[in-house]
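Visitor: Sharing a structure here in structure tokens format.
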Amino acid sequence: MKLIQKKQNKLYTVFFLIVYLSFIYINNPTVLMAHSDPTQDTAQNDHTQDNNKSTNGEIVVVNSEHYTLHVSERATDLAHPWSLLFLPGYNTPKGNEYMLVTERNGDIILIEDDRFIRLSFSEEIEVYQRNQGGWLDLAASPHFGVSNTTIFVSFSEVGSTARRNSTTVASFELPMSQINSARSTLRMDIDRFARIFTASPEFPSSNHFGSRLSIIHTEEGDKNEGILAVTVGERGKPENAQEDNFLGKTITLPYKVAESEGTISYLFEEPEILSLGHRNPQGLTYDAQSGFLILNDHGPRGGDELNAVLWPAHATSAPVPLNYGWPIISYGINYNGTRVGIGTQAEGYEEPSYFWDPSIAPSGLLVYTKNDGIYNFDEWNDNVFLCSLKFGLLVRLKVTFNPNASSPSKALIVEHEEQLFAGKFGRLRDVRQASDGSLYLLTDSKEGRILQVTPASPQ
């Protein structure tokens, strides 16, 4: 009887322990999950505990060097949102811009005012949704809303085995004419989904996929051709960034424009390597006004970088791929405190235009362009903005573009840095400029949000 009673007492203890831990998890899941949650970025430089604070739709006032800023919530309950895209050429019933959002651990969502419409893709498309993998970046085609509704998307895709995967770029047609009749789901036509590029080789890792997209074009350029650029991480194996493969590189995907019965499509050519020696570049933007293609890259422990990978003088010289050094040179150090490679400089390797130490874990990136919108930030024209995951920052950089420079570190010069928000909204994943001049941010959490940043005194 005593043995039976002891077993019963142990069972009661285990039962009450489970109930207690369940109560803690329900009320504060990050207590139990902060160090083990597979939906969080696992690279040491990319990880920070989720401290997202709800604004409940209310306006938060933040002072910057030039403006008093209003930050308001536009959408919430997004599962680790990764990319935000405004769709040109279409307005919602309330006169707003349509937004398309990728959830790294969920779906691609079309946002129409207060309505979420989830895009449903065929099961033939196997998205690898673990750790840093999932649906990643979005870009609208140059003819979206005029001659097509083509969307480019990057994502991590399951490979030849369940453990192997790769960064993939694809296109699909967004059926805008079906939105009014759609309820909560919009089914995508598998025949209008086309893979454009897969970063080889496949790799057994759930980290360092990259991956940002940017369309390279100029207002005066050839309307019959263009380039889609994509960044790819080295997948957690540093040596990949220097080897003959598509990992740890910036890839260009040249295309020709084809027209049939008024509809534009794109014929892609073989991928080319624009730059190499990158670790995990999660920010990429092309500024048509200056002709610069800029990326940011996660360093190890310190050494996050901002780099110009294409600029006018480089673009017109039939460029060979530039080597940005990882893991031969870096301004960061290994997580065990040892030096990376041979130091911070070496012949044949490009130095960054700017770097951060300690690391800020940079992500989404843009060059602000003033327009006629009511929320225009005149003082920030041609400034570079990027997100910080680690410290929850929106970083503003006043820069000088030198189009005739002979090297990337001289082509893009940072004159001043301002850090905004400092963890007030949690991890910041992406930043985009709306047509009204305001900035939109994505917060990276299990209950991610879309935030709008406007000046307190609109024009």
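The values are calculated or read from the model by the stated rules, or taken from the named source; none is laboratory data. It should be emphasised that the depicted structure is a prediction, and the values quoted were computed from it without experimental measurement. FYI the Cβ positions are ideal-geometry reconstructions off the backbone, even for glycines, and counts take in every protein chain you see.
Visitor: Would you mind telling me which numbered condition in (1) among the hydrophobic types (A, V, I, L, M, F, W, C); (2) over 30 Å from TYR335 (Cβ atoms); (3) in a strand (DSSP E or B) ALA182 fails?
Guide: Condition (3) is where ALA182 drops out.
Visitor: Considering only residues that are over 19 Å from the mean Cα position of the chain (by Cα) and of a type in the set (Val, Ile, Thr), look in the range 159-185 and name the one that is surrounded by the fewest Cβ atoms within 10 Å (Cβ to Cβ).
Guide: THR161
Visitor: Considering only residues that are surrounded by 20 or more Cβ atoms within 10 Å (Cβ to Cβ) and either among the charged types (D, E, K, R) or closer than 16 Å to LEU412 by Cβ (or both), which ones fall in the range 297-324? Steps first, please.
Guide: Filtering the range 297-324 for residues surrounded by 20 or more Cβ atoms within 10 Å (Cβ to Cβ) gives 297-300, 303-311, 314, 322, 324.
Within the range 297-324, ASP297, ASP304, GLU305, LEU306, ASN307, ALA308, VAL309, LEU310, TRP311, HIS314, LEU322, TYR324 qualify.
Visitor: Pick from SER211, SER206: which is among the small types (Gly, Ala, Ser), assigned to a loop (DSSP other than H, G, I, E, B), modelled with pLDDT under 95 and within 30 Å of VAL340 (Cβ to Cβ)?
Guide: Details: SER206 fails: modelled with pLDDT under 95.
Going through SER211, SER206 in turn, the sole match is SER211.
Visitor: Which members of the range 278-297 meet the condition of being under 15 Å from TRP356 (Cα atoms) and either part of a strand (DSSP E or B) or touching a Leu at 6+ places or on another chain (Cβ under 6 Å) (or both)?
Guide: The answer is PRO281, GLY283, LEU295, ASN296, ASP297.
Visitor: Also, I was wondering about something else. Do any strands (runs of 3 or more DSSP E) entirely within the range 298-399 hold 3 or more residues that are closer than 19 Å to PHE421 by Cα and of a type outside the set (A, V, I, L, M), and if so, which? Step through it out loud before you land on a result.
Guide: Working: elements: 304-310, 354-356, 362-367, 384-388.
Correct list: 362-367, 384-388.
Visitor: Further question on the same structure: Within the range 253-269, identify whether any single residue is crowded, with 19+ Cβ neighbours inside 10 Å and under 21 Å from the mean Cα position of the chain (by Cα), and answer yes or no.
Guide: Within the range 253-269, one or more residues are crowded, with 19+ Cβ neighbours inside 10 Å and under 21 Å from the mean Cα position of the chain (by Cα).
Visitor: Only one of (1) among the acidic types (Asp, Glu); (2) modelled with pLDDT of 95 or more; (3) in contact with a strand residue (DSSP E or B) (Cβ under 6 Å, 6 or more places away or on another chain) fails for ASP244. Which number is that?
Guide: Failing condition for ASP244: (3).
Visitor: Note down all Cβ pairs under 7 Å where the first residue falls in the range 297-316 and is more than 12 Å from SER275 (Cβ to Cβ), the second is modelled with pLDDT under 95 and of a type in the set (D, E, K, R), and they're at least six residues apart or on different chains.
Guide: Listed pairs, sorted by first residue: HIS298/ASP46.
One line per residue, one yes/no per condition, for (1) at pLDDT 95 or above; (2) out of contact with any Leu (no Cβ under 8 Å at 6 or more places or on another chain); (3) under 30 Å from GLU239 (Cβ atoms):
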{"site": "ALA140", "(1), (2), (3)": "yes, no, no"}
{"site": "VAL146", "(1), (2), (3)": "no, yes, no"}
{"site": "THR198", "(1), (2), (3)": "yes, yes, yes"}
{"site": "LYS223", "(1), (2), (3)": "no, yes, no"}
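Visitor: Tell me which residues, restricted to the range 415-454, are within 21 Å of SER211 (Cα to Cα), of a type in the set (Lys, Arg) and either in contact with a Lys or Arg (Cβ under 9 Å, 6 or more places away or on another chain) or in a strand (DSSP E or B) (or both).
Guide: Those that are within 21 Å of SER211 (Cα to Cα), of a type in the set (Lys, Arg) and either in contact with a Lys or Arg (Cβ under 9 Å, 6 or more places away or on another chain) or in a strand (DSSP E or B) (or both): ARG427, ARG429, ARG432, ARG449.
Visitor: Which condition does PHE292 not pass, out of (1) closer than 26 Å to GLY343 by Cα; (2) surrounded by 19 or more Cβ atoms within 10 Å (Cβ to Cβ), if it passes all the others?
Guide: Going through (1) closer than 26 Å to GLY343 by Cα; (2) surrounded by 19 or more Cβ atoms within 10 Å (Cβ to Cβ) one by one, PHE292 breaks only (1).
Visitor: So for the range 117-130 (the condition being under 22 Å from TYR255 (Cβ atoms) and touching a residue at least 12 places away in the same chain (Cβ under 8 Å)), does at least one residue qualify?
Guide: Just the residues of the range 117-130 that are under 22 Å from TYR255 (Cβ atoms), to begin with: 125.
Still in the running and touching a residue at least 12 places away in the same chain (Cβ under 8 Å): 125.
Yes, that holds for at least one residue.
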